[in-house]
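Report on the structure given below.
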Amino acid sequence: MADKCNWTGASGKTYEYEIFLIGINWNDVAGNYIFAKQSSPGRWESIYIGETESFKDRLPNHNELPCIRRNGGTHIHAHVNSNSRARLDEEADLLASGKTPCN
């Protein structure tokens, strides 16, 4: 079972994500994702926040990987979510909560 991390949006809503190393094989499912680096034990910094119809299609060759790597990205936090409107709302909420150098 993957480790988990909670991310809080600007609205105050909390979203639970599973943590994976960059480079794993992904399933063909929709959801939200955060490229991140660990700043200290149990603390994460977001580098890029997004949403997709397919983790399998989007994440392996993400167009922002060079920026993500330059900024220390090592992990992807993923939240499966099949509802397109909810994914867009979650992405906007999280983006509004702070800086992401590659968005």
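The values are calculated or read from the model by the stated rules, or taken from the named source; none is laboratory data. Fair warning: this is a prediction, and the values are worked out from it, not measured in the lab. Cβ atoms come from the backbone with ideal geometry, glycine included; neighbour counts cover every protein chain shown. Ligands, DNA and RNA are excluded from the accessible area calculation, which covers all protein heavy atoms including side chains. Shrake-Rupley method; radii C 1.70, N 1.55, O 1.52, S 1.80 Å.
Quick check for me: using +1 on Lys/Arg Cβ and -1 on Asp/Glu Cβ, what's the dipole size of the chain about its Cα centre, in debye to the nearest 20?
With Lys and Arg at +1 and Asp and Glu at -1, about 340 debye.
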Summing +1 for each Lys or Arg and -1 for each Asp or Glu, what net charge is found among the other residues whose Cβ lies under 11 Å from the Cβ of Thr74?
+1
When the label point is put 7 Å from the Cα of Asp3 along its Cα-to-beta-carbon vector, which residues of the range 61-96 have a backbone N closer than 17 Å?
72-79
So what is the accessible area of the chain per residue, in Å², with the probe set to 1.4 Å?
57
Given a Förster radius of 22 Å and the C-beta distance between Glu18 and Asn63 as r, what FRET efficiency does 1/(1 + (r/R0)^6) yield to the nearest 0.05?
0.45
Counting only protein heavy atoms and a 1.4 Å probe, tell me what percentage of the chain's accessible area is made up of carbon and sulfur.
45
From largest accessible area down, sort Phe20, Phe35; use a 1.4 Å probe on the protein chains.
Phe20, Phe35
Candidate residues Lys99, Lys37, Lys13: accessible-area rank, largest first, probe 1.4 Å
Lys99, Lys13, Lys37
When the helix-only estimate is applied to the chain (DSSP H runs of n ≥ 4, each -39,500 (n - 2.57), divided by the residue count), what is the mean residue ellipticity at 222 nm, nearest 500 deg cm²/dmol?
-5500 deg cm²/dmol
Length-normalised contact order for the range 20-65 - Cα pairs under 8 Å, 6+ apart - percent
43
Among (i) 17, 17, 14; (ii) 43, 12, 10; (iii) 22, 16, 13, only one was calculated for this model; which label is it, if the read-out is semi-axes √(5λ) of the Cα gyration tensor in Å?
(i)
Which order do Glu51, Glu45 take when ranked by solvent-accessible area (1.4 Å probe, heavy atoms of all protein chains), largest first?
Glu45, Glu51
Given the candidates Trp7, Ala30, Trp44, the one whose Cα lies deepest towards the positive end of the charge dipole of the chain, counting +1 at each Lys or Arg C-beta and -1 at each Asp or Glu C-beta, is Trp44
